[in-house]
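Structure first, commentary second.
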Amino acid sequence: MYFKKEFLDKLKDGKKIVFFTGAGISAESGISTFRGKDGIWNKMKPEELANFDAFIRNPDLVWEWYQHRRNIVNNALPNAGHTAIAELEKFYEVSVVTQNIDNLHRRAGSTKIFELHGNIERNFCIECHTFYNSPELETTNTVPKCKKCGGLIRPDVVWFGEMLPQDEFSGGEKAAEWSDICFVVGTSAVVYPAAHIPISAKRAGSYLVEINIEPTELSRYTDYSWFGKAGEILPKILEEVKKFKN
Ligand code: BJW
Ligand code: ZN
């Protein structure tokens, strides 16, 4: 595989690396992306499902959609892309800033993860904010009710129009700004404020590398764009690193 010299020099000299990831990194684990030809939003309208008003209008429908996706996520395995990122912790200070809610980075072994859009395994009562992990809840397709107050329980994910968890966002943004290299992997980079993080990294002097099967909104800002599958490219980067770090 051909590596641009400038990129190799960054890999050799760099100490802090950030991976800013999106749904595309989990595509090879069998989890659908949102947009694009195989995206779930070709079939479902986001405004009908991924917002609070939709949940209040039809909580059972929204809950059933998340139950369906929990089943897919629980049966999926981290792929070679997630694993390569986790293994790079042997050689660099690695932070993962992810828009994904699927837990696959953690299951692959990454230890420093900022989850910008929440986590599908966590849920909370919309009235009293008591948290429930998914296995504690009955696996029915109708929305569960809080044991303490009877309120509706929703997944702890960030819907449109909602604020991102502040600590996760500011921690992820700082890690990106302090990084020597910021890899942007498998995201269309159209959802804000998350998509601002790689731009902040670049402005702060980080070397911005994109890995995606096709050009994105971010491609014009990157130092290096690499078009191909994350599960194929990331292991090749790891192999290259092992040549000079071992
Ligand atoms: C591969 C591959 C392989 C495939 N290898 N690559 C107008 C302008 C600007 C902003 C706004 C606006 N109107 C509204 C907004 C704000 C809004 C927003 O950004 N909207 C835009 C979409 C227009 N943002 C918000 O509302 C956010 N909150 C906010 O702004 O708060 C402030 C506020 C508060 C109060 C009032 C008003 C404002 C919240 C955003 C929450 C996003 N939530 C979701 C759902 C999470 C829960 C769930 O999963 O159900 O998060 S939306 C969805 O998109 C999900 C994702 O994390 C997010 C990003 O998607 P991602 O990961 O990029 O996936 P895709 O499918 O888009 O891309 C996949 C990529 O992979 C593609 O590029 C493929 O090519 C590639 N790929 N296979 C490598 N093998
Ligand atoms: Zn409650």
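The values are calculated or read from the model by the stated rules, or taken from the named source; none is laboratory data. If you're wondering where the values come from, they're calculated on a predicted model, not measured in any experiment. Here the Cβ is made from the backbone with ideal geometry for all residues, glycine too, and neighbour counts use every protein chain on show.
The table below gives the values:
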{"read-out": "Extreme residue, farthest from L8 (Cα to Cα), among residues of segment 146-204 that are β-branched (V, I, T) and not in a strand (DSSP E or B)", "value": "V158"}
{"read-out": "Count of segment 119-137 residues which are of a type in the set (S, T, N, Q) and within 16 Å of ligand 1 (Cβ to nearest atom)", "value": "3"}
{"read-out": "Test: residue in segment 208-217 that is farther than 22 Å from G30 by Cα, in the same structural domain as I101 (by TED's automatic domain parsing), more than 16 Å from ligand 2 (Cβ to nearest atom) and outside any loop (DSSP other than H, G, I, E, B)", "value": "yes"}
{"read-out": "Qualifying residue in segment 54-73 (condition: surrounded by fewer than 21 Cβ atoms within 10 Å (Cβ to Cβ) and either on the phi > 0 side of the Ramachandran plot or acidic (D, E) (or both))", "value": "yes"}
